[in-house]
Structure formats: C-alpha cells, structure tokens
C-alpha cells in the first residue's frame, strides 16, 4: 500500500500540472447591444466546461475567456447565442516610415519601330 500511494500522488500532480499547461486565453468580438445580449453570453460561458473566468466588455464588444478550453469550442458556444461572433484581431503593427525613400526608376520604353509602308 505504501508503494502505491507515492505513485498515486505523482499521477495527481502530473494531471494538475498538465491542466495548468492547457490554460488558454481566447478573445472574441461579439455583437452585444444591451445587457440582455451580455447576459446570454454570460449564461453560455458559465455553463461551458473548462472555463475558469471570463470578462465581457460591452463598450469594446470584447469577450475574454480564460481556462482549459479550445478556441473553436469557445467560438461555437458563444455563437449559439445568435450574436455575431468573430475572433478578436489585434491591430497589425504599423511599419515605421522610410526616412529617405529611393525613387523608383521608370521602366525603359521599348524602342518604337515604324512598320514599312504597305505596297500593293
């Protein structure tokens, strides 16, 4: 019995650590126009397995979900509310302007060739 207990404890620790590794943050853009809309999202996320916490920002139309969840599963669950749902897209970084742009060289025009006169 004493030999099995350390193995059991190790397995429990492994499962606990494995579940920590699987924690993800999923951010969605959800069309919510009122507290009822937010309530529908709150209701489905509250029932979803693996959700540790979530935040609903109506002003930004942003829903952030943290937990042992798959992004597609969160998307599908929130979509079931009938609200327009999309993955949140972070703004792409704006490239720094080129301080001294090099003007592009104009393409050389092919030499114009005159056709010989047509004789009949």
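So which residues in the range 84-106 are at pLDDT below 95 and either closer than 30 Å to residue 36 by Cα or surrounded by 12 or more Cβ atoms within 10 Å (Cβ to Cβ) (or both)?
Start the filter on the range 84-106 by keeping residues that are at pLDDT below 95, which leaves 88-106.
If the condition is that a residue be at pLDDT below 95 and either closer than 30 Å to residue 36 by Cα or surrounded by 12 or more Cβ atoms within 10 Å (Cβ to Cβ) (or both), then 88, 89, 90, 91 are the ones that fit.
So, in the range 43-63, how many residues would count as being surrounded by fewer than 15 Cβ atoms within 10 Å (Cβ to Cβ) and touching a strand residue (DSSP E or B) at 6+ places or on another chain (Cβ under 7 Å)? Reasoning before the result, please.
We begin by selecting, within the range 43-63, every residue surrounded by fewer than 15 Cβ atoms within 10 Å (Cβ to Cβ); these are 43, 46-47, 49, 52-53, 55, 57, 59-60.
Narrowing the set further to residues that are touching a strand residue (DSSP E or B) at 6+ places or on another chain (Cβ under 7 Å) leaves 52-53, 55.
Result for the range 43-63: 3.
The values are calculated or read from the model by the stated rules, or taken from the named source; none is laboratory data. These figures come from a predicted structure and were not determined experimentally. Cβ atoms come from the backbone with ideal geometry, glycine included; neighbour counts cover every protein chain shown.
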